[in-house]
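Read-outs: derived from the displayed coordinates by stated rules, not from any lab. Note that the structure is a prediction, hence the values are computed from the model and not measured. Using ideal geometry, Cβ is built from the backbone for each residue, glycine included, and neighbour counts are taken over all protein chains shown.
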Amino acid sequence: MNGLALYERPTEPASWRIALPHTAAAVPVARALVRTALAEVEHAADPDTAELLTAELVANAVEHTDGRGPIELVVELLPSGCQVEVHDPDPAPPGHLTRPVIEEPDPWQEGGRGLLLIRALSSSCGHRPTPSGKAVWFRLPVVPGQRRPA
């Protein structure tokens, strides 16, 4: 080896935490943080899927909370993949993560598919209460052979 060490997978959890503005500007900031965090390791969860699902969680937090408290993004890299959480001040649970979908959303409608995407594309997802509201989260597994861009 030439003295350079490449990180295959984190052997211990590594995490990032950032407060986000309660505006649509939070979405690209969150996407960039997730991509940067996943670029820290050579073999990681799929960054495109992580960005998409993170954008959905953050957009939901911005749209469905009244701005009375902060939105926070937490990205944790684990040996098994990654977990992304979005904390918001509303204690009410998110819709489609807590109940089965009875009606499929209208594909021509602008909204209503984000939480369905999260359920479909993540290895697990959910929500939990926090002292200041709730955290909505998803997990993605390590993708074998996933390489960061050169």
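Computed values, structure above
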item: In order through segment 18-27: 3J(HN,Hα) via Karplus (6.51 cos²θ - 1.76 cosθ + 1.60), integer Hz, x for Gly, Pro; result: 8, 7, 10, x, 8, 9, 4, 5, 5, 5
item: Distance between modelled label sites at Glu40 and Ser132, nm, 7 Å Cα→Cβ extension; result: 2.1 nm
item: Added length on full extension, which subtracts the Cα-Cα distance from 0.36 nm per residue, Ile18 to Leu116; result: 32.8 nm
item: Computed E for Asp66/Ser123 - FRET, C-beta separation, R0 30 angstrom, nearest 0.05; result: 0.45
item: Cβ-based net charge around Pro21, under 13 Å, with every Lys or Arg adding one and every Asp or Glu removing one; result: -2
